[in-house]
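Only one structure is covered here, and it is reproduced in the block below.
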Amino acid sequence: MSSTDDRRFEVLRAIVADYVSTQEPVGSKALVERHNLGVSSATVRNDMAFLENEGYIAQPHTSSGRVPTDKGYRQFVDRIAEVKPLSTAERRAILEFLESGVDLDDVLRRGVRLLAQLTRQVAVVQYPTLSASSVRHLEVVALTPARLLLVLITDSGRVDQRIVELGDVLDDEDLARLRRLLGGALEGKRLAAASIAVSELAEEAPEDLRDAVVRSATVLVETLVEHPEERLVLGGTANLTRNAADFTGISGLPGSLRAVLEALEEQVVVLKLLAATQDAGTVTVRIGEETQVEQMRGTSVISTGYGAAGTVLGGMGVLGPTRMDYPGTIASVAAVARYIGQVLAER
């Protein structure tokens, strides 16, 4: 990068900082007064003219200052030298809050609520995906001689409990045999493979246990199949309405806030964005049209994967207007995802 390019980037950085802070178009005079750019007002005006000509900033109204465009935000994000580090106290508070979660559902809800508070944006987390989770343990408990409770626990912390009504009674010895058969078929397998294994087990079971195995397998297969309505947890949706003006600004898309809210309700759009996040520890930033979703043109999505023991269990992140604190938001998304993975790994 030449010194001229570096100087112009510093001007762009200053415009982004001021606009994110004030939500007001930024003029050359304000830049010179607020930032130590080390050049004259004339040079700043020339640099702003260049940035506007190249599409990094734009003038929303005649005789007003300039605001960053999607291209400008992208240039800013790509050249962020370092994100704002969270303090030791902040990191400790995040971990302690997540560790207080009683189960997977509670941990994810806490994570979403925390991320929405930290970023003042909409936070979203995807439940552990079917392909990523494995069966850690299956417990079979006799409620009565003819009624069983199956407790399925995955390595992601998901716990499912199901009742099985038997056609006949089982004594303690038969119950132990059933427990060994089902556990041997399921434990340690990914959920998709476990579903197949338990289905095949029904065909191979001993004659005297076949009915109990078939009934248990039927319930387990239903349990092992993902429930789409449980795939996503959202928090902080009201934060969008605090920034309603951002969605009818330079993009010229009246009513786009409503479109974003409708997309969030459908969830499928957000799931697709999170599904593209494959790596834990790598934060992806999609700005405006980069989301490739018409309803999301006025938004940015910052996302990453979370997981345990080297396995990505799902995606999480935040969604908000393109005018956001990118360094701080990136740091918060990365931290919460890392600690959710850590908490789930310890369970």
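Ordering of 164-177, 43-56 by packing is 43-56, 164-177, highest average first (other Cβ atoms within 10 Å, averaged per residue). Partners of LYS272 within straight-line reach, counting lysines whose Cα lies under 27 Å from its Cα and excluding those fewer than 8 residues away in the same chain: LYS71, LYS189.
Screening the chain for whole DSSP H helices of 24 Å or more along their axis (Cα) with average Kyte-Doolittle hydropathy at least 0.5 returns 326-345. Taken as Cα centroids, region 64-118 and region 279-347 sit 8 Å apart, rounded to the nearest whole angstrom. Rounded if a/c is under 1.5, else prolate if a/b is larger than b/c, else oblate: which is region 3-79, with a ≥ b ≥ c the root eigenvalues of its Cα gyration tensor? Judged from the Cα gyration tensor, region 3-79 comes out rounded (a/c under 1.5). Adding -39500 (n - 2.57) for every DSSP H run of four residues or longer, then dividing by how many residues the chain holds, sets the calculated 222 nm ellipticity at -15000 deg cm²/dmol. For region 50-110, the calculated P(r), taken from all Cα-Cα distances in 5 Å bins from zero up to the bin holding the longest distance, is 4, 15, 13, 11, 8, 9, 11, 10, 10, 7, 2, 0 percent. In terms of packing, defined here as the mean over residues of other Cβ atoms within 10 angstrom, the peptides 232-239, 35-42 line up highest first as 232-239, 35-42. Expressed as a whole percent, the accessible surface of the chain that belongs to carbon and sulfur atoms is 48, based on a 1.4 Å probe.
Once the Cβ-Cβ distance of ILE163 and VAL221 is raised to the sixth power relative to R0 = 22 Å, the FRET efficiency obtained is 0.90. Annotation for ALA345 and ASP103: the two label points, set 7 Å from Cα along the Cα-Cβ direction, are 2.5 nm apart.
Taking each residue as 0.36 nm, the span from ALA58 to VAL151 lengthens on full extension beyond its C-alpha to C-alpha distance by 27.7 nm. Sorting the segments 322-332, 18-28, 118-128 by their mean number of nearby beta carbons within 10 angstrom, highest to lowest, gives 118-128, 322-332, 18-28.
Computed with the Debye formula from one identical point scatterer per Cα of the chain, without solvent, the log10 of I(q)/I(0) at q = 0.12, 0.15 Å⁻¹ comes to -0.88, -1.16. Heavy-atom accessible surface of the chain, averaged per residue, reaches 47 Å², computed with a 1.4 Å probe. The THR282 and ASP6 beta-carbon pair, evaluated with R₀ = 22 Å, returns a calculated FRET efficiency of approximately 0.25.
The values are calculated or read from the model by the stated rules, or taken from the named source; none is laboratory data. This structure is a prediction, so every number in the text was calculated from the model and none was measured. Glycine gets a Cβ as well: all are built from the backbone with ideal geometry, and neighbour counts include every protein chain shown. Side chains are part of the model used for accessible areas, which takes the heavy atoms of the whole protein and leaves out ligands, DNA and RNA. Shrake-Rupley method; radii C 1.70, N 1.55, O 1.52, S 1.80 Å.
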